[in-house]
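Quick note: the coordinates plus some simple rules give every number you see, no bench work behind them. Because the structure is predicted, anything quoted here is derived from the model rather than measured. Here the Cβ positions follow ideal geometry from the backbone for every residue, glycine too, while neighbour counts run over all protein chains shown.
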Amino acid sequence: MIPHERSLVEKMKNEPFALIGVNSDGDKDKLVQQMKEEGVTWRSFWNGSKGTRGPISTTWNVHGWPTLYFIDHKGVIRARDVRDEEAMEKLIVDLVAEAKAGAAK
């Protein structure tokens, strides 16, 4: 997934788009090192080492990884767990277009 995420971040860098990651790897230091090695440049939060029992996953009702939420510019969850890369990119492009149209008003 990381190569596709990295591609999306680069493609959308001048758009009203943000990718946020949440991780619950057991060793935070190893996670930070792995993220550097993988070229993760987007915000990523550590959920603690309790897997899906950490504070972020509990709040967001996450029961497994990866879980994907697509949130629009108004903070509304518009989709969840879209994994097909083409469908994901279309959804993101559509949400960005809506955000731009909303900002133009």
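Yes or no: the stretch 63-75 includes at least one residue that is over 17 Å from residue 21 (Cα atoms) and of a type outside the set (Ser, Thr, Tyr).
Looking for residues that are over 17 Å from residue 21 (Cα atoms) and of a type outside the set (Ser, Thr, Tyr), one finds at least one in the stretch 63-75, hence yes.
Looking only at the stretch 31-52, count every residue that is over 24 Å from residue 87 (Cβ atoms) and either in contact (Cβ under 8 Å) with a residue 40 or more places away in the chain or aromatic (Phe, Trp, Tyr) (or both) and tell me the total.
Of the residues in that region, 2 qualify.
For residue 55, state whether it is closer than 23 Å to residue 30 by Cα, of a type outside the set (D, E, K, R) and in contact (Cβ under 8 Å) with a residue 60 or more places away in the chain. Walk me through it before giving the result.
Numbers: closer than 23 Å to residue 30 by Cα: yes; of a type outside the set (D, E, K, R): yes; in contact (Cβ under 8 Å) with a residue 60 or more places away in the chain: no.
Taking the combined requirement at face value, the residue does not satisfy it.
Just the residues that are within 15 Å of residue 68 (Cα to Cα) and of a type in the set (Gly, Ala, Ser), please, taken from the stretch 79-104.
Hits for the stretch 79-104 are 79, 87.
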